[in-house]
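The values are calculated or read from the model by the stated rules, or taken from the named source; none is laboratory data. The shown structure was predicted, so the numbers you read here are calculated from the model rather than taken from an experiment. Counting neighbours? That spans all protein chains shown, and the Cβs are built from the backbone with ideal geometry, glycine included.
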Amino acid sequence: MRVDILSLFPEYFRGPFDVSILKRAQGSKLLDIHLVDIRNFAARKGNYAKVDDRPYGGGPGMILMPEPVCEAIRSVKKEKSHVVYLSPQGKTLTAAKCQELSQKEHLVLLCGHYEGVDERALKEVDEEISIGDYVLTNGCLAAIVLVDAMARFIPGVLGHEEAAGQDSFQEGIFDAPHYTRPEVFEGIAVPEVLKTGNHAEIAKWRRKQGLAKTKRVRPELIFLKENLDETE
Ligand code: 4GX
C-alpha cells in the first residue's frame, strides 16, 4: 500500500516510522510511505511561503488556507486514492475502520493544523476521521496512530507470532491477562490452569477472564456484541 501524508511537519514522522514493525513493513515493500510538506504548495511571498491566515468572522488562531492544501492533495491523488482528513470532528477510528482502510491501494492522509483547514479544501477529501475525543497539539500524531493501527491489518506486516494479536479487538472483548517466567513473582503465582497444558481449559479460562475485565472496565462493549449471553 502507498500512503502519502500531507502535513506542515514531515520531519515529525521520522522515528515512529523508522523503528520495529513499520520499518520492516517498508523494507519489505508492504508499505510505501511518502511525506509531503504542504508548505511546498504555498504561494511564495519574498522568501517565505504563507500557508495559514486568520478566520473570517473572527475568533482565535489560524486556519490552513485552501490553495496549498488542495494543491498538495492534487499532487498525489490518483483515481484509486482514498483521502482522509484527520480532525477531532471526524468519525472515531475503530479496528473495523482500520481493517477497511488497510484494503485501499493508496491512502492520502491530510493532517489538520492550527484551528483546522478551510472548509472549501474538504471537497478533495473522502472522509474525516478522529482518533479520539480529545484535542492534540499536532495533527501528525493522529496520522501516526492511524498508519500504525491500520498497517497491522495488511497481510504480511505482522509475523506469524504477532498475527494472533489481531483478534483481541476483532472479537469485541479484551485479551486475557498474560504471564511469563518466573512462576512466582513477589508472592504472586501464575494461575494453575495455564500450566496444565489443557488447551481447551486454557481457552475457556482466557475467554472468561477477558469477558470479566471487559464487563468491569468497558461495560458498553458487552452490549454491542453477542458476548451478552456469556456474561452469566
Ligand atoms: N483526531 N487534532 C488536528 C487541528 C484541527 C483542528 C480542527 C481540524 C479541525 C485530532 C484528533 C486532533 C488537534 C489534530 C487539532 N484540525 N486529530 N488539529 N483527536 O485532536 O484527529
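Just give me the residues in region 119-151 being without any contact (Cβ under 8 Å) to a residue 60 or more places away in the chain and small (G, A, S), in sequence order. Listed by number, the residues that qualify are A121, S130, G132, A142, A149. On the stretch given as region 118-146, residues that are charged (D, E, K, R), under 16 Å from S81 (Cα atoms) and either outside any loop (DSSP other than H, G, I, E, B) or within 7 Å of the ligand (Cβ to nearest atom) (or both) total 4. The residues of region 27-46 that are more than 24 Å from R74 (Cα to Cα) and assigned to a helix (DSSP H, G or I) amount to a single one, G27.
Flag: E115 matches the condition of being within 15 Å of the ligand (Cβ to nearest atom), out of contact with any Asp or Glu (no Cβ under 8 Å at 6 or more places or on another chain) and either not small (G, A, S) or not in a helix (DSSP H, G or I) (or both). Looking across region 147-175, just one residue is modelled with pLDDT of 95 or more, assigned to a loop (DSSP other than H, G, I, E, B) and among the small types (G, A, S), and that is G156. Every test in (1) under 23 Å from F9 (Cβ atoms); (2) within 16 Å of the chain's Cα centre (by Cα); (3) surrounded by 14 or more Cβ atoms within 10 Å (Cβ to Cβ); (4) within 16 Å of the ligand (Cβ to nearest atom) is passed by K97 save one, and that test is (1). Inspection of region 31-53 finds a residue satisfying the criterion of being closer than 18 Å to R152 by Cβ and surrounded by 17 or more Cβ atoms within 10 Å (Cβ to Cβ). Does P88 satisfy the criteria of being of a type outside the set (V, I, T), near the ligand (Cβ under 10 Å from one of its atoms), surrounded by fewer than 18 Cβ atoms within 10 Å (Cβ to Cβ) and in contact (Cβ under 8 Å) with a residue 12 or more places away in the chain? Spelling it out, P88 is indeed of a type outside the set (V, I, T), near the ligand (Cβ under 10 Å from one of its atoms), surrounded by fewer than 18 Cβ atoms within 10 Å (Cβ to Cβ) and in contact (Cβ under 8 Å) with a residue 12 or more places away in the chain.
Inside region 131-146, residues that are surrounded by 19 or more Cβ atoms within 10 Å (Cβ to Cβ) and over 9 Å from the mean Cα position of the chain (by Cα) make up a count of 2. Number of residues in region 100-112 that are assigned to a helix (DSSP H, G or I) and either touching a residue at least 24 places away in the same chain (Cβ under 8 Å) or crowded, with 20+ Cβ neighbours inside 10 Å (or both): the value is 1.
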